[in-house]
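*Asks:* The structure is given below, and queries will be raised subsequently.
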Amino acid sequence: MQNKKYNAETERLMDLMIHSIYTNKEIFLRELISNASDAMDKMYYIALNDDKLKFNHEDYFIRITPDKDKRTLTIEDGGLGMTAEELVENLGTIAKSGSLDFKNLNKKDADHEIIGQFGVGFYSAFMVADEISVLTKSYKEEKAHLWKSKGAEGYSIEDAEKDKHGTIITLHLRNNTKEENYDVYLDEYKIRELVSHYSNYISYPIKMEVEKKRPAADSTEDDPKFESYREDDVLNSSVPMWRKNKNELKEEDYNNFFRQRHFGFEDPLAHIHISVEGMISFKAILYIPSRRPFDFLNPDKKGGLELYSNGVLIMEKCEDLLPDYLSFIKGVVDSEDISLNISREMLQKTRELQLIKKNIEKKILDELAKILKNDRDKYAEFFKNFGVSLKSGAYENYGADKDKLKDLFIYTTTKRENITFNEYRKDMLPDQDFIYYANGSSIEAIKDLPQIKHFIDKDIEVLALTDPIDEFVIKMLEEYDDKKFKSISETDEVKEEDEKNLQDYVKKMKEILKGEVSSIRENPNLKDDAAYLSSKGEISIEMEKTLSHMPNNQGFKADKVLELNPNHPALKKLKTMDESSEEFKTYTQMLYDGARLVAGLEIKDPIAYARNVSKLM
Ligand SMILES: Nc1ncnc2c1ncn2[C@@H]1O[C@H](COP(=O)(O)OP(=O)(O)OP(=O)(O)O)[C@@H](O)[C@H]1O
């Protein structure tokens, strides 16, 4: 027998489970059943593909056995089992170790946060059990192993005997307390309720031997007698949910299925149940999650749908079923037209997969359009979480998908919240030539921009782009319904003759700011500010900022124009100065630095700037 310690994070998690005040302890059964089902999915696939292994459909079931005398609850499966190394690997360390940032969780929130967000699989059993044993035999070997643990101190593994491959997990329930009655988990009624609530659509029968009554042999009509006998009952529906008729299913069924498959812990925002017959036949249940997963922005994170071939799981995360920009969608796809034996490399290229992908993409976009039309608040919630994914879809692949996506974008404007390009376009002023937008970190920051006042005064609506990717998308779209997009910071063309007829003071300023700005000019539209920076050409100031944060930043710079407010006292003063004086130079530099700061750009010499400001004060 080997005694082992858990790794530090597992020990911490275990401790949390044991002392958990989480009220939803009953989820442990769902977690164990889900593990059993996964293990059988894997075995089913292996057995179907390996002639050396016997395949017997009847062996694929889960058995639950309560024992009221011993106070144990046993969950048995005919799955692939585990070798000793796999036991250590799977039950001695937590799989998601990297993602559980314990340091940032304080004790009080910890169990709700962890149990709530991640689900905790196997370890959740410690919420109801003070001792757990796992008797398991891998299909790969003759030996069986017995894993035992009483909690955080560690676990032991010893050799054992078992006939068939698979796993038997036995929970010894905790003693009842004033607050908690653990014995309920041994009640037939409670077990039935939990299975039908959480695990009804597990694809394998979940069996339990129960006591039944029947008329006894010597029973007569006048003297009815009954005898008890024991028989297996199947507790779940066991027809995969996606094969069911939509009309038979309730919202709650879809929500439970979402949790049962570990797609997320909160109810999804929406589900799509697809059943297609024709050139290609497939069934699918897809979900739009309501919340971003914690690792949403991790570039290494794999999305994908579960792919079944006629009820047999062939891939847990098939990325090729979804375009990248929809990789946040969760769900299951089952098609009899996809061969069970297909390799991952071949799968990508099959026409069937491409057809399914197209179909799924369309259905999801249609569903999003429907939510956008019928429930704007719900859509806004979705867009807050996953809008950035759709936006990247419009931008990537040289904009190949932009037309499919452009009507699904919503923006806040200087007048309203969450409006589409189409709505903006419809409400444009009769003589308005462009769809105007402004960049900034928030709508408040945008409303403070010097150049926005001009648009607000003229009652022109301006789209607020607050996400760094927004401007790239807008540049990719170029126009919407024949109206071009235009940044309020993009200057009108600088005419050649204007450049020639510059006032002397502007000429001198240009000399001082050589290499920094390509033009300087007066702009009477500026209201309260002395100067601001606009840009001309392809790269805007916002893009310069975004690009400068990219890993392979190539030093792209916006072509900047310094716009001066001729009515501002600072400008009036500047015009009276001797252009060759030091003071003129300092004022010019300060105006330029101020405009850079307003635009959110760094300035070369902040110390000098601050000293000059103080001096003036
Ligand atoms: N009944 C079982 N048969 C075979 N392997 C199992 C069984 N139960 C658990 N395992 C193995 O132990 C691992 C850890 O299980 P655990 O429930 O903690 O996490 P998980 O199932 O991987 O993740 P999650 O619960 O979030 O889906 C599983 O990935 C699986 O490899």
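No value in this document is a laboratory result; all are computed from the given coordinates. In this text the structure is predicted, and so the values were computed from the model without any measurement. Virtual Cβ from ideal backbone geometry, glycine too; neighbours counted across all protein chains shown.
*Asks:* Where in the stretch 53-97 does the label zone of GLU209 land, with the point 7 angstrom along Cα→C-beta and an amide N cut-off under 19 Å?
*Replies:* Residues 59-78 qualify, since their backbone N sits under 19 Å from the label point.
*Asks:* Shifting gears a bit: Report ³J(HN,Hα) in whole Hz for each residue of the stretch 125-131, in order, from the Karplus equation J = 6.51 cos²θ - 1.76 cosθ + 1.60 where θ = phi - 60°; Gly and Pro get x.
*Replies:* Calculated HN-Hα couplings, in order: 4, 5, 5, 10, 10, 9, 8 Hz.
*Asks:* What does the highest-first list of 167-179, 342-354, 198-210, 323-335 look like by mean Cβ count within 10 Å?
*Replies:* The packing order, highest mean first, is 323-335, 198-210, 167-179, 342-354.
*Asks:* Based on the alpha-carbon gyration tensor of the stretch 229-298 and its eigenvalue square roots a ≥ b ≥ c, which shape applies: rounded if a/c is under 1.5, prolate if not and a/b is larger than b/c, or oblate? Could the numbers behind the result be given before it?
*Replies:* Values: a/c = 2.35, a/b = 1.29, b/c = 1.82.
Oblate shape, in that a/c is at least 1.5 and b/c is the bigger or equal ratio.
*Asks:* Tell me, what ³J(HN,Hα) does each residue in the stretch 389-404 have, in order and in whole Hz, if you take phi through Karplus 6.51 cos²θ - 1.76 cosθ + 1.60 with θ = phi - 60° and put x for Gly and Pro?
*Replies:* Working through the residues one at a time gives 5, 4, 5, 5, x, 6, 8, 6, 6, 6, x, 4, 9, 4, 5, 5 Hz.
*Asks:* Can you give the FRET efficiency to the nearest 0.05 for GLU180 and PHE265, using r as the Cβ-Cβ distance and R₀ = 25 Å?
*Replies:* Working: r = 22 Å, r/R0 = 0.87.
E between GLU180 and PHE265, to the nearest 0.05, is 0.70.
*Asks:* Then there's this: Using only DSSP helix segments of four residues or longer, with each worth -39500 (n - 2.57), what per-residue ellipticity at 222 nm results for the chain after dividing by its residue count and rounding to 500?
*Replies:* Rounded to the nearest 500, the figure is -10500 deg cm²/dmol.
*Asks:* Let me ask something additional. Please compare each pair in LYS317/LYS370; LYS246/LYS363; LYS283/LYS317; LYS68/LYS212; LYS406/LYS560 to a cut-off of 25 Å on the Cα-Cα distance and tell me which ones are over it. Could you put the intermediate results ahead of the total?
*Replies:* Working: LYS317/LYS370 27 Å; LYS246/LYS363 16 Å; LYS283/LYS317 17 Å; LYS68/LYS212 17 Å; LYS406/LYS560 29 Å.
Beyond 25 Å between Cα atoms: LYS317/LYS370; LYS406/LYS560.
*Asks:* So which lysines can LYS207 reach, going by Cα to Cα under 16 Å and dropping same-chain residues fewer than 8 places off?
*Replies:* LYS190
*Asks:* Now a separate question. Tell me, in nm to one decimal, what length is gained between LYS370 and ASN552 on full extension, where the rule is 0.36 nm per residue of separation less the Cα-Cα distance? Working shown, then result.
*Replies:* On the way: separation 182, 0.36 × 182 = 65.52 nm, distance 3.95 nm.
Result: 61.6 nm gained on full extension.
*Asks:* Let me ask something else about it. For the stretch 416-524, what does the alpha-carbon gyration tensor say about shape, rounded, prolate or oblate, given a ≥ b ≥ c as the root eigenvalues, a/c under 1.5 as rounded, and a/b over b/c as prolate? If you can, show how the numbers build up before the last one.
*Replies:* Numbers: a/c = 2.12, a/b = 1.91, b/c = 1.11.
Prolate, because a/c is 1.5 or more and a/b exceeds b/c.
*Asks:* Follow-up question, since we're still on this one. From the alpha carbon gyration tensor of the stretch 498-617, can you work out the equivalent ellipsoid semi-axes (sqrt of 5 times each eigenvalue) and give them in Å, largest to smallest? Can you show the working numbers first?
*Replies:* Working: eigenvalues 121, 61, 35 Å².
Semi-axes, largest first: 25, 17, 13 Å.
*Asks:* Whole angstrom only: what separates the Cα centroid of the stretch 240-267 from the Cα centroid of the stretch 434-480?
*Replies:* 41 Å
*Asks:* Ratio of Rg to Rh for the stretch 196-236, alpha carbon only, Kirkwood?
*Replies:* Details: Rg = 15.4 Å, Rh = 12.3 Å.
Ratio of gyration radius to Kirkwood radius: 1.25.
*Asks:* Rounded if a/c is under 1.5, else prolate if a/b is larger than b/c, else oblate: which is the stretch 125-214, with a ≥ b ≥ c the root eigenvalues of its Cα gyration tensor? Spell out each step's value before the answer.
*Replies:* Numbers: a/c = 2.21, a/b = 1.22, b/c = 1.81.
Here the stretch 125-214 falls in the oblate category.
*Asks:* Each residue of the stretch 69-74 in turn: what ³J(HN,Hα) in whole Hz from Karplus with 6.51, -1.76, 1.60 and θ = phi - 60°, glycine and Pro shown as x?
*Replies:* Result, rounded to whole Hz: 5, 7, 6, 10, 10, 10.
*Asks:* Enumerate the aspartates and glutamates that LYS585 could reach by cross-link, defined here as Cα to Cα under 15 Å, with residues fewer than 8 away along the same chain left out.
*Replies:* Qualifying aspartates and glutamates at Cα under 15 Å: ASP504, GLU511, GLU516, ASP593, ASP605.
*Asks:* To continue, here is another question. Between SER290 and LYS573, take the C-beta separation as r, use R0 = 45 Å, and let me know the FRET efficiency to the nearest 0.05. Present the calculation step by step, with values, prior to reporting the outcome.
*Replies:* On the way: r = 57 Å, r/R0 = 1.26.
It comes to 0.20.
*Asks:* Using 1/(1 + (r/R0)^6) with R0 = 35 angstrom and r between the beta carbons of ASP232 and GLU277, what's the FRET efficiency to the nearest 0.05? Can you show the working numbers first?
*Replies:* Working: r = 35 Å, r/R0 = 1.00.
Step by step, r from the Cβ atoms, then E = 0.50.
*Asks:* Would you pull out the residues with amide H under 5 Å of LYS140's amide H, same chain only if 5 or more places away, H placed 1.01 Å from N?
*Replies:* When sequence neighbours closer than 5 places are left aside, there are no close amide H contacts.
*Asks:* Continuing with this model, one more query. Given H placed 1.01 Å from N in the peptide plane, which residues other than close sequence neighbours of ASN523 have an amide H under 5 Å from its amide H?
*Replies:* Under 5 Å from the amide H of ASN523: LEU564, ASN565.
*Asks:* Quick one: check the C-alpha center-to-center distance for the stretch 516-586 versus the stretch 46-68, whole angstrom.
*Replies:* About 73 Å separates the Cα centre of the stretch 516-586 from the one of the stretch 46-68.
*Asks:* Between LYS330 and residues 5 or more places away or on another chain, which pairs have amide H atoms under 5 Å apart, with H built 1.01 Å from N, and which residues are they?
*Replies:* Under 5 Å from the amide H of LYS330 lie the amide H atoms of TYR287, each far enough along the sequence or on another chain.
*Asks:* What whole-number volume per residue, in cubic angstrom, does the convex hull of the C-alpha atoms of the chain give? Show your work: numbers first, answer last.
*Replies:* Numbers: hull volume 150.0 nm³, N = 617.
Cα-based convex hull of the chain, divided per residue, equals 243 Å³.
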